[in-house]
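Shown next, in structure tokens, is the structure this report addresses.
The values are calculated or read from the model by the stated rules, or taken from the named source; none is laboratory data. This one's a predicted model, so the numbers in the text were calculated from it and none came from an experiment. Cβ coordinates were reconstructed from backbone atoms using ideal geometry, including for glycine residues, and neighbour counts include every protein chain displayed.
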Amino acid sequence: MRTHFKSAVFSLAALIVLATTAAASDLVETIESHYNSIFVFKEDSYVTLAFGHKERRYVESRRNTEDLLELPVSYTQTMTAALAYPKTLENFLIIGMGGGSISWYLHKNFPDATVTAIELDAAMIELAEKYFGMKPEPGLEIVEADGRLALVRDERKHDIVLIDAYRGPFVPFHLLTREFYELVKSRLKPGGIIAQNIEPSTMLFDSTYATLLTVFDQVDFIPSSGNVVAIAYDGDRRPELDLMRTARERQKTHGLRYPLTRMIGARRRHEVPGDDVEALTDDFAPVNQLKAIKVHNRKWE
């Protein structure tokens, strides 16, 4: 059966199924990089990048080559709800660039801001430029590095840090620990926030939530077609009216395609994890942390 990628919007889970059942005629390129088995599918104007593991293909990015500001995957739209939270919108950092859809969306809608996109896999960067129209420009920087190590080396401050790094269906463990979130927090401006795409059906969801609460005062959740975007920040919980007012103003000023007010209206709190849910920690000496990062990033057998 021929699978059509071009229907409007997909959740991460739906895209996994689509990539798994894609017909061979849709496959336009395969690359065995140092980190991943990467498959490129094309269906009309839509291009999809997927990682292969044990006969399954997990979608990492999707792009409409005729409309580069479209965000076809629903959770990427929801991650833009983060734009309603910080005091200023001058510096954005994305950990896990993938095909660059979110990075490009922010770069074009906020041309006076600085967008830094971090991607571990050089082959992914190459394919993003080849098929997704992603390329460095003034105001848009692409960094080939592990996201955590990049933060250690670069002390610049950001208004928003978006975390969207996945290994198949899971976030690499070293990007989920208390020490990692403390590092991210140290790279935020006053009033800055982080937004992370989290798969709610895994056993790590409660532990990730508990870990975020050890570092940040507040965690809001915004559901998105089977996924959840967590937005973490310090201080009192932002009142609904304040967020809505800011969302409307920024929507109007920047002409954003995906309504911030709709997404903010869907935000919710989650029951705080019980005492039996432990926060995730490194528990390694520094040298072992570096070794663990290498292990977590290496290619699946």
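Among the residues of the stretch 220-279, those that are closer than 20 Å to TYR209 by Cβ and basic (Lys, Arg) comprise ARG237, ARG238, ARG267, ARG268, ARG269. When the residues of the stretch 107-141 are filtered to those that are part of a loop (DSSP other than H, G, I, E, B) and among the acidic types (Asp, Glu), the one that is nearest to LEU49 (Cα to Cα) is ASP121.
Selection of the stretch 181-208 for residues being modelled with pLDDT of 95 or more and in a helix (DSSP H, G or I) yields TYR181, GLU182, LEU183, VAL184, LYS185, SER186.
Return yes when THR246 is crowded, with 21+ Cβ neighbours inside 10 Å, among the hydroxyl-bearing types (Ser, Thr, Tyr) and in contact (Cβ under 8 Å) with a residue 60 or more places away in the chain and no when it is not. The answer is no for THR246.
Residue selection: PRO172 fails the criterion of being under 15 Å from the mean Cα position of the chain (by Cα), over 21 Å from ILE94 (Cβ atoms) and at pLDDT below 95.
With respect to the stated conditions, GLY235 is more than 21 Å from ASN109 (Cβ to Cβ), assigned by TED's automatic domain parsing to the domain that holds VAL152 and at pLDDT 95 or above.
When the stretch 175-200 is limited to residues that are free of Cβ contacts under 8 Å to residues at least 60 places away in the same chain and farther than 19 Å from ILE94 by Cβ, the one that is surrounded by the most Cβ atoms within 10 Å (Cβ to Cβ) turns out to be PRO200.
For LEU162, the criteria (1) closer than 29 Å to ASN64 by Cα; (2) without any contact (Cβ under 8 Å) to a residue 60 or more places away in the chain hold in every case but one, which is (2). Per the conditions (1) surrounded by 14 or more Cβ atoms within 10 Å (Cβ to Cβ); (2) at pLDDT 95 or above; (3) in contact with a helix residue (DSSP H, G or I) (Cβ under 7 Å, 6 or more places away or on another chain), the sole criterion not satisfied by SER225 is (2). Tell me which residues, restricted to the stretch 37-86, are at pLDDT 90 or above, farther than 16 Å from GLY100 by Cβ, aromatic (Phe, Trp, Tyr) and not in a loop (DSSP other than H, G, I, E, B). Those that are at pLDDT 90 or above, farther than 16 Å from GLY100 by Cβ, aromatic (Phe, Trp, Tyr) and not in a loop (DSSP other than H, G, I, E, B): PHE39, PHE41. Scanning the stretch 249-281 for residues that are free of Cβ contacts under 8 Å to residues at least 40 places away in the same chain and surrounded by 12 or more Cβ atoms within 10 Å (Cβ to Cβ) turns up GLU249, GLN251, PRO259, THR261, ARG262, GLY265.
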